[in-house]
Amino acid sequence: MQKNEAERHRAKMEKRKAIQDAEVASKTVEKKGLLLVHTGPGKGKSTAAFGLVLRMLGYGKRVGIVQFGKGAWETGEAEALKRFGDQIALHILGEGFTWETQDRGRDVAAAEAAWAKANELMADPSIALLVLDELNIALRYDHLDLSEVVGTLRNRREDLHIVVTGRNAKPELIEAADLVTEMGAVKHHFKAGVKAQEGIEF
């Protein structure tokens, strides 16, 4: 019985491998700078982006990060990334969430400064990956011109990967992206009264 099961499994996996090999062989583009969007109401959008940062660093690539909305607190990722020295260009330019600042003019100015830095990093040929953390929030509240942002991202360098994070990604950005991942909210400890945890939320 075990021998028959093993043989059936091997035959099934041989067919699966043939299908997978054919799928891989059908792809013809070797390299392309990708526009990735991490959105949705669930936790993990920025966390996933920092996973890609770590992967790029592992290959010796240089990474740029512009944080649009998280400048009001210290985070574990910022402290860890500083240890990579010049391999990381980290710019924390937000002033906190818009409901905390309660000053639209200040929020717009902060978003514009962060976007200017993002443009500077996009033009830097040494940057292989650029994370625009919480850019979706700046776009949601109209702190930046959507058409300008999407147009600039579409016209990025051919070899530059860009990751945009934040809830409520605009349809225009989703349409322009190569990969969009929506994080779903199934269950969150905050709903049970647990505050943000060091090393988990920040």
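Tell me the relative contact order for segment 15-139 as a rounded percent, counting alpha carbon contacts under 8 Å between residues six or more apart.
Result for segment 15-139 is 30 percent.
In a solvent-free Debye calculation with one equal scatterer on each Cα, what is log10 I(q)/I(0) for segment 83-202 at q = 0.16, 0.18, 0.23 Å⁻¹, listed in the order of the q values?
-0.92, -1.12, -1.44
Tell me, how many Å apart are the Cα centres for segment 28-87 and for segment 147-181?
Cα centroid to Cα centroid, the span is 15 Å.
Could you rank Leu130, Leu179, Leu90 by how accessible they are, 1.4 Å probe, largest area first?
Greatest to least solvent exposure: Leu179, Leu90, Leu130.
If I take all pairs of Cα atoms in the chain, what percentage of them are more than 25 Å from each other?
45
Just read off the accessible area of Thr28 with the full protein assembly in place, 1.4 Å probe, to the nearest 10 Å².
120
Share of the chain's accessible area from carbon and sulfur, percent, 1.4 Å?
53
Can you work out the accessible area per residue across segment 33-184, with the rest of the protein chains kept in place, probe 1.4 Å, in square angstrom?
On a per-residue basis, segment 33-184 sits at 49 Å².
Under 20 Å from the 7 Å Cα→Cβ point of Glu182, by amide nitrogen: which residues of segment 134-162?
Of the residues in segment 134-162, 134-141 have backbone N under 20 Å from the label point off Glu182.
Let me know the longest stretch in the chain that avoids all GluC sites (Glu not before Pro) found in a DSSP loop with at most 12 other C-beta atoms within 10 Å.
75-157
The values are calculated or read from the model by the stated rules, or taken from the named source; none is laboratory data. What you see is a predicted model, and the numbers here were worked out from it, not measured in a lab. FYI the Cβ positions are ideal-geometry reconstructions off the backbone, even for glycines, and counts take in every protein chain you see. These area figures cover heavy atoms from the full protein model, side chains too; ligands, DNA and RNA do not enter into them. Shrake-Rupley method; radii C 1.70, N 1.55, O 1.52, S 1.80 Å.
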